[in-house]
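As structure tokens, the structure follows; a few thoughts come after it.
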Amino acid sequence: MKAPRSKKVLRGPFLLEKKPPEPGRQKKPESPLTALVFSGGGARGAYECGVYQSLHEHGVRPSVLVGTSVGAVNAAAICQGMSPWELRELWLRISSADWWYLPGRLRPLRTLMGDRHTFRNRLDLWNFFGWNHLFDTEPMLATFRKYFDVEKIRKSRVKLYITAVDVISGESSIFTNKTVVPEHVLASSSIPIAFPWTEVDGRIYWDGGLLANIPPIKIAIDADRRVREIYLVRLFPRLAQKPDGLLDCIERTIELVLQGVLNNEIDQVEFINRLIRSRAIRGVYREINLHTVEFHEPFSALSILDFSKRHVERLIDQGYRDTERMFARKAEERDRKRRVRLAARA
């Protein structure tokens, strides 16, 4: 005679056994994971290098990396195992020499000259009215092929997600460790109009960050259900001064487009966290500790193309200092809460 099967009760979308699980089969608590989200901003990506150095010194070891635009460059480098100091060396190698002899007002125009590691000017001036981009990114692709080890990236235990946008369909595309090649990193960094689109496997891509239709925080949350800590690096400030003149208005408009999705995502994470703490929602939702490091300098069209050594070094140092200040603020907040608890018990 066969033993009777245990009955099942339908509760919501789940089938639950009446018989409780055996003690030996109970799942062990899952260790929380950390994700690191890098946003885009051209040469401002050097700031993220400094942020990573500080995070590393404080023991932060990301298990998930999400990169958009220049953030894809840093994410791919970290995924393949570059240390903060190796990443800093990479940024200094691709930086260009400073033209110190140019007058102060003309010095910013040096950024439009490009260099042998990132981009260069086009020479086909006779075809100017047929252009669909201003600069040539072949040097950038050569740099990626030289410094990125595809095999190391694919064998890495760190999950990598690089975003770009299909120019034809407008759909977002996400490339992972299993498929990524240097061309995907370039595709994510292909700023429209400034740089040409990048063709990979018959599809053409533009910078995912600039078109602002890919939510990077959601990618980090969905990457693994164990993700609880997310460090987000913002290369454009939330707040800005009142625009003064037409150029300021254009730059502020671009700035708002670049950070629009991030603003909405941050608000959503904070809203869901509040609902979880108040026990208004349960189930698949989990509380996310979101830590933001923000670069506070206003957007400048020339700044995202300024790969000069002086600029790169300043950005790396600024990223490091801002992250150290973030950790200091969190330490002060923990001490304040501890003092409040002790005072309540007294």
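The values are calculated or read from the model by the stated rules, or taken from the named source; none is laboratory data. Being a predicted model, the structure only gives us computed values, none of them experimental. Note that we place each Cβ from the backbone using ideal geometry, even for glycine, and neighbour counts take in every protein chain shown. Note: accessible area is taken over every heavy atom of the protein model, side chains too, but ligands, DNA and RNA are not part of it. Shrake-Rupley method; radii C 1.70, N 1.55, O 1.52, S 1.80 Å.
From the list GLY283, GLY260, which residue is on the phi > 0 side of the Ramachandran plot and modelled with pLDDT under 85?
Within the list GLY283, GLY260, the selection yields GLY283.
Would it be correct to say that ILE266 is touching a residue at least 40 places away in the same chain (Cβ under 8 Å) and in a helix (DSSP H, G or I)?
It is true that ILE266 is touching a residue at least 40 places away in the same chain (Cβ under 8 Å) and in a helix (DSSP H, G or I).
Do the conditions hold for GLN268, that is, is it within 18 Å of ARG228 (Cα to Cα) and surrounded by 11 or more Cβ atoms within 10 Å (Cβ to Cβ)?
Here the answer is yes, as GLN268 does meet what is asked.
Quick grid of which residues meet (1) open to solvent by less than 20 Å² (accessible area, probe 1.4 Å); (2) of a type in the set (Ser, Thr, Tyr); (3) more than 16 Å from the chain's Cα centre (by Cα):
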| site | (1), (2), (3) |
| --- | --- |
| SER169 | no, yes, yes |
| ALA187 | yes, no, no |
| PRO196 | no, no, yes |
| ASP201 | no, no, yes |
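Can you tell me which residue among LEU160, LEU186 is assigned to a helix (DSSP H, G or I) and closer than 26 Å to PHE307 by Cβ?
Every option except LEU186 fails the conditions.
Scan the stretch 131-148 residue by residue and report those that are within 20 Å of the chain's Cα centre (by Cα) and either among the aromatic types (Phe, Trp, Tyr) or open to solvent by 30 Å² or more (accessible area, probe 1.4 Å) (or both).
Selection gives PHE144, TYR147, PHE148.
Suppose we filter SER31, SER39 for residues that are surrounded by 10 or more Cβ atoms within 10 Å (Cβ to Cβ), at pLDDT below 95, under 36 Å from the mean Cα position of the chain (by Cα) and small (Gly, Ala, Ser); which single one remains?
SER39
Return the residues of the stretch 271-285 that are open to solvent by 50 Å² or more (accessible area, probe 1.4 Å) and part of a loop (DSSP other than H, G, I, E, B); say none if nothing qualifies.
Within the stretch 271-285, SER278, ARG279, ALA280, ARG282, GLY283, VAL284, TYR285 qualify.
Which of (1) open to solvent by 60 Å² or more (accessible area, probe 1.4 Å); (2) not in a helix (DSSP H, G or I) is the odd one out, the single condition PHE236 does not satisfy?
Of (1) open to solvent by 60 Å² or more (accessible area, probe 1.4 Å); (2) not in a helix (DSSP H, G or I), only one is false for PHE236: (1).
In the list ILE316, ILE288, which residue meets the criterion of being hydrophobic (A, V, I, L, M, F, W, C), under 13 Å from TYR47 (Cα atoms) and at pLDDT 90 or above?
That would be ILE316, the only listed residue that is hydrophobic (A, V, I, L, M, F, W, C), under 13 Å from TYR47 (Cα atoms) and at pLDDT 90 or above.
Among the residues of the stretch 45-94, write down those that are surrounded by fewer than 24 Cβ atoms within 10 Å (Cβ to Cβ) and closer than 19 Å to GLU183 by Cβ.
GLN80, LEU90, ILE94
Look through the stretch 292-321, keep the residues that are of a type in the set (A, V, I, L, M) and within 17 Å of the chain's Cα centre (by Cα), and return whichever of them is most open to solvent (accessible area, probe 1.4 Å).
ILE304
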